[in-house]
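Notes follow the structure.
The values are calculated or read from the model by the stated rules, or taken from the named source; none is laboratory data. Quick caveat, the model's predicted, so the values are computed rather than measured. Note that we place each Cβ from the backbone using ideal geometry, even for glycine, and neighbour counts take in every protein chain shown.
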């Protein structure tokens with residue numbers, strides 16, 4: 001099978017996993033977040049950076065369409081920052097694990113990418129956009145929770161996703177699923 005077809009198929013399967021997980025977002029962000037971060041990391045490793053960037057950009061859109069988060073309706077400018085945070089995670093993993101894709105390298109790369117993602121989202125969303133953009137009055141009491149969600153929770157879910165990706169990567173490499 002053509003390498004590009006394999007990459008497209010793998011990226012499509014990872015997107016499908018992300019979409020299914022997004023139906024659980026209202027149950028817990030600690031289900032959806034790690035799954036999406038895991039898929040982004042696995043996509044970087046198995047399909048390459050361009051496919052992971054595409055996944056990073058599409059998943060916030062599908063999340064909005066599936067769950068319709070009130071904060072995104074109130075402040076639609078959050079979405080590009082979420083996309084950028086996901087892209088930063090993908091870039092961190094690609095930069096640190098692109099040559100030798102061992103589970104240890106994946107773990108280190110994922111931790112670096114997770115930290116960069118969380119810091120970016122904290123600065124731009126939690127302590128930027130949410131401060132300068134007035135929330136609707138009924139959402140004002142939610143500000144501290146939203147700030148926590150777009151900073152610390154992002155770090156936690158990205159780190160969980162990193163650990164899951166490193167563990168999943170072991171059998172994927174052994175099965176020869178790495179098309180690169």
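Values computed for the structure shown
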item	result
Tally, over the stretch 134-180, of residues that are out of contact with any helix residue (DSSP H, G or I) (no Cβ under 8 Å at 6 or more places or on another chain), more than 24 Å from residue 91 (Cα to Cα) and modelled with pLDDT of 90 or more	6
Filter result for residue 121 (touching a helix residue (DSSP H, G or I) at 6+ places or on another chain (Cβ under 7 Å) and either over 22 Å from residue 18 (Cβ atoms) or outside any helix (DSSP H, G or I) (or both))	no
Contacts under 7 angstrom Cβ, first residue in the stretch 35-59 being surrounded by fewer than 22 Cβ atoms within 10 Å (Cβ to Cβ), partner not in a helix (DSSP H, G or I), 6 or more apart	48/180
